[in-house]
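> Questions regarding the structure given below will be posed in turn.
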Amino acid sequence: MTLAAGTLAAGQSQPPVPQLPAQPPGAPGQPTAGQAAAPPPPAVPASRKFTSDAGIVFSSIKPDKTADFEAIMARVKEGLSKSSDAKRKQMAHGWRVFKGLEPGPGGSVVYVWIIDPPVKDVEYTVTDILREAFPNEAQDLWAKYQACFVSGQVMLNLQLTTNMSPTATTPPK
């Protein structure tokens with residue numbers, strides 16, 4: 001991973017900004033070290049933008065790394081809350097992280113992000129949020145984050161077809 005130095009106006013310098021990958025290791029098309037490339041699963045967009053009514057992300061986490069994963073998610077929350085960007089603050093309102101209570105594949109722990117409603121066409125990339133909020137820590141936070149994953153993430157945009165609430169109406173098809 002490389003670091004790039006940025007420059008502010010008037011010649012002031014800022015700390016190096018980590019240039020981190022957009023997705024954790026093992027994400028589609030990114031085999032981890034020592035792992036042979038498997039046939040690609042269904043296409044997952046490189047972008048982490050939600051363009052629909054809601055979105056969901058599944059993450060398969062190593063059982064001994066759940067505390068690290070949850071700590072990084074807490075930092076993401078902190079980064080969103082301290083951001084001066086109104087869209088980043090809005091993202092936090094619809095983003096919830098759940099932990100599966102049953103074991104996932106191979107004994108992994110499955111975390112699910114439910115994004116409802118999403119801030120449409122805004123990147124939900126963890127690395128972007130960490131870089132913006134914690135430029136001096138982003139590289140270390142990213143390394144800790146990527147070490148948590150058994151495999152990559154699965155991201156889905158969701159379209160509401162039926163709302164079971166007795167007071168809701170079903171959207172037209």
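None of the figures in this text is laboratory data; all of them are computed from the coordinates on show. If you're wondering where the values come from, they're calculated on a predicted model, not measured in any experiment. When we count neighbours, we look across all protein chains shown, and the Cβ atoms used for this are built from the backbone with ideal geometry, even at glycine.
> Name the lysines eligible as straight-distance cross-link partners of LYS62: C-alpha to C-alpha under 16 Å, and not fewer than 8 places from it in the same chain.
Leaving aside lysines fewer than 8 places away in the same chain, those within reach of LYS62 are LYS99, LYS144.
> Moving on. Please list, in order along the range 85-92, the HN-Hα scalar couplings obtained from phi with the Karplus expression 6.51 cos²θ - 1.76 cosθ + 1.60 (θ = phi - 60°), rounded to whole Hz, x for Gly and Pro.
Each residue of the range 85-92 in turn: 7, 4, 5, 4, 5, 5, 4, 4 Hz.
> Which of the peptides 102-113, 148-159 is most tightly packed, and how do the rest follow, judged by the mean count of other Cβ atoms within 10 Å per residue?
The peptides rank, most packed first, as 148-159, 102-113.
> Using only the Cα atoms of the range 51-159, each taken as one equal point scatterer with no solvent, compute I(q) by the Debye sum, divide by I(0), and report log10 of the ratio at q = 0.16, 0.20 Å⁻¹.
Per q value, in the given order, log10 I(q)/I(0) is -0.72, -1.10.
> Determine, for THR167, THR162, the number of other Cβ atoms within 10 Å of each Cβ, and report the residues in order from fewest to most.
Sorted ascending by nearby Cβ count, the order is THR167, THR162.
> A follow-up question, please. Given H placed on each backbone N at 1.01 Å, which residues far from LYS49 in sequence or on other chains put an amide H within less than 5 Å of it?
The list, which skips near neighbours in sequence, is TYR124.
> Going by C-beta contacts inside 10 Å, put LEU80, LEU130, LEU101 in order with the fewest on the left.
With the fewest neighbours first, LEU80, LEU130, LEU101 line up as LEU101, LEU80, LEU130.
> Could you put SER83, SER59 in order, starting from the residue whose Cβ has the fewest other Cβ atoms within 10 Å?
The most exposed by this proxy come first: SER83, SER59.
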